[in-house]
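The values are calculated or read from the model by the stated rules, or taken from the named source; none is laboratory data. What you see is a predicted model, and the numbers here were worked out from it, not measured in a lab. Reconstructed Cβ throughout: ideal geometry from the backbone, glycine too, with neighbour counts over all protein chains shown. Note: areas computed on protein heavy atoms with side chains; ligands, DNA, RNA excluded. Shrake-Rupley method; radii C 1.70, N 1.55, O 1.52, S 1.80 Å.
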Amino acid sequence: MGETHWELPPFDVTELAPRASAVCVLVPVVNEGDRLLAQLERMRAAAPDLDVLLADGGSEDGSTAPDRLAALGVSALLRMHGGPALSAQLRMGMAWALDRGYEGLITIDGNGKDGVEAIPRFAAALADGFDYVQGSRYVPGGEAVNTPWDRHLGVRLLHAPVLSAAAGFRFTDTTNGFRAFSARLLRDDRVRPFRAVFHTYNLHYYLTVRAPRLGFRVTELPVRRAYPEAGATPSKIAGWGARVRLLGQLFGAATGRYDP
């Protein structure tokens, strides 16, 4: 499948409907439960004309059962072998989307935090010729609801400034997974996102820097990101060890460690 130099994790595909749109929505998930199912309902109402692909890192909670997904309008389920890893799931989903003929794709987390009503605006930005679109809760029109204080400070004071300086483009919300990418960007041999070095979160960081540095058209769009008022924070980043590793990936992307 795909280009000969693409390095992809092993995975299975269950196609639930034929391709019906030029752009698709790619949702990386693992054990999101009812949050995912409710989000898919909202997505179907907000963007009924866009195909939805699920990049599953190995859910075991029944939320990605094909019959349930088909009833919610999902076009394809990609199930990665070997356990969850965000960048590997994205490599899998992006490569399969390009192989299926999509001209661009929109990524959005599957944990119910994001305002899916913004999806059509991302599709419109791709149609207008943008290659990389970053969703931001911090630009005019965006909303940051119940954001944990440590995440808010980490993004505003460290993450976004570091990647902005490296990219030569002012980003405001660089941990936000609500993004869009053109096929032109992902296929460019100066980018080469389909490499095994991208496993956890570093693919997001790398593309944030690489796209503007190569002169691709980049923009930010306002989005809503809401954390629950009570209970556990929906996140796969747990513990200080994970955060230290992410800092290493952040500075790796900023210093060109992942450039081909």
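Calculated mean residue ellipticity, 222 nm, the chain: -10500 deg cm²/dmol, from DSSP H runs (n ≥ 4) at -39500 (n - 2.57) each, averaged per residue and rounded to 500. Relative contact order of the range 19-141: 35 percent, from C-alpha pairs under 8 Å at least 6 residues apart in sequence.
Rounded to the nearest 5, the antiparallel percentage of DSSP beta bridges internal to the range 1-85 is 35%. The relative contact order of the range 129-260, computed from alpha carbon pairs under 8 Å that lie at least 6 residues apart in sequence, is 41 percent. Antiparallel beta bridges, as assigned by DSSP with both residues in the range 125-260, represent about 25 percent of the total such bridges. Looking at the chain alone, DSSP beta bridges between its own residues are antiparallel in about 35 percent of cases. Using C-alpha pairs below 8 Å separated by at least 6 residues, the relative contact order for the chain is 23 percent. Length available on full extension from Arg257 to Thr219: 0.36 nm per residue minus the Cα-Cα distance, which gives 11.3 nm. With the simple model of a label 7 Å out from the Cα in the direction of the Cβ, His152 to Asp61 spans 2.6 nm.
Put simply, when 176-188, 116-128, 63-75 are sorted by average Cβ atoms within 10 angstrom per residue, most first, you get 176-188, 116-128, 63-75.
Taking amide H as placed 1.01 Å from N in the peptide plane, Val52 has its amide H under 5 Å from the amide H of Val25, Ser75, Ala76, each at least 5 places away in sequence or on another chain. Between Glu7 and Asp189, full extension at 0.36 nm per residue minus the direct alpha carbon distance yields a gain of 64.2 nm.
Of Trp149, Trp96, the residue with the largest accessible area leads and the full order is Trp149, Trp96 (1.4 Å probe). The packing ranking of peptides 219-230, 198-209, 7-18, highest mean first, is 198-209, 219-230, 7-18, where packing means the average number of other beta carbon atoms within 10 angstrom of each residue. Ranking Arg91, Arg217 from most to least accessible surface, computed with a 1.4 Å probe over the protein chains only, gives Arg217, Arg91.
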